[in-house]
Amino acid sequence: GASAYAWSEGTGTFILDRTIAGEDSSRGNAIANDGTATGWTAPGRTAAAWVDGTERYICGDIADGTEGWFCNEGWDITPSGSHIAYTGAGPEDFNVRGQIVDVATGANTTIPFPPAPGDPFWDTLSVWAISDDGKTAVGEFGGGGFFGSPPYPVVWVEGIGTIDLQIMLLGQGL
């Protein structure tokens, strides 16, 4: 299968650990200054991190009792490697939502849907990028195409919530 890899000026290209993926595939999406990376790994295209060169699930090991948790893909990581933005849901929540995990502690923050009406069955909230401190994120909310609400950009700020980015910019006179 395909392998997540990293490149640095000093060491060149190297394949990231495939302990979990084995002969299956993995993909890297973002890397921090310290070499911590995020993306997905097999089985089931599950959000992953490579910390100190070792592959691990972001949402815990499937074998450790976290079954029922859908943990899709790591999208962004802070430059320090302290927080990773990923998409996931469950086990009680059907809709996929943006998530931010503290890499050191495993503490997870679920990004809430914006207060605007949406389709409770098809709409998702994806987080594409996070701030250096992990307290602000940008992404999109909606059905993403064929089903659900039309997607639109959102910003989430800890302590404030999820806001329609277009409305926020208009409110700022931009």
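The values are calculated or read from the model by the stated rules, or taken from the named source; none is laboratory data. Everything quoted here is computed from the prediction, not taken from an experiment. A quick note on method: Cβ atoms are made from the backbone with ideal geometry, for glycine too, and the neighbour counts reach across all protein chains shown. The accessibility values were calculated without ligands, DNA or RNA, using every heavy atom of the protein model including side chains. Shrake-Rupley method; radii C 1.70, N 1.55, O 1.52, S 1.80 Å.
Points worth noting:
- The range 82-91, residues that are modelled with pLDDT of 90 or more and open to solvent by 20 Å² or more (accessible area, probe 1.4 Å): SER82, HIS83
- Meets criteria (closer than 25 Å to ILE31 by Cβ, assigned to a strand (DSSP E or B) and hydroxyl-bearing (Ser, Thr, Tyr)) for THR105: no
- Any chance GLY134 is outside any loop (DSSP other than H, G, I, E, B), at pLDDT 85 or above, out of contact with any Lys or Arg (no Cβ under 6 Å at 6 or more places or on another chain) and not polar (S, T, N, Q): no
For (1) at pLDDT below 85; (2) under 19 Å from GLY106 (Cβ atoms); (3) open to solvent by 50 Å² or more (accessible area, probe 1.4 Å), each residue gets a yes or a no:
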| site | (1), (2), (3) |
| --- | --- |
| ALA21 | yes, no, no |
| ASN29 | no, no, yes |
| THR36 | no, yes, no |
| GLY39 | no, yes, no |
| THR46 | yes, yes, no |
| ALA49 | no, yes, no |
| ASP52 | yes, yes, yes |
| ARG56 | yes, yes, yes |
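Residues are listed down the side, and each one gets a yes or a no for (1) at pLDDT 90 or above; (2) open to solvent by 70 Å² or more (accessible area, probe 1.4 Å):
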{"position": "ASP93", "(1), (2)": "no, no"}
{"position": "ILE100", "(1), (2)": "yes, no"}
{"position": "VAL103", "(1), (2)": "no, no"}
{"position": "ASN108", "(1), (2)": "no, no"}
{"position": "THR124", "(1), (2)": "no, no"}
{"position": "GLY143", "(1), (2)": "no, no"}
{"position": "ILE167", "(1), (2)": "no, yes"}
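- Close pairs from the range 156-170: first in a helix (DSSP H, G or I), partner among the β-branched types (Val, Ile, Thr), Cβ under 8 Å, at least 6 apart: LEU165/VAL138; LEU165/VAL154; LEU165/VAL155; MET168/VAL155
- Summed over the range 69-85, residues that are part of a loop (DSSP other than H, G, I, E, B) and within 7 Å of ALA32 (Cα to Cα) total 4.
- Check on GLY139, open to solvent by less than 70 Å² (accessible area, probe 1.4 Å), modelled with pLDDT under 90 and touching a Pro at 6+ places or on another chain (Cβ under 9 Å): no
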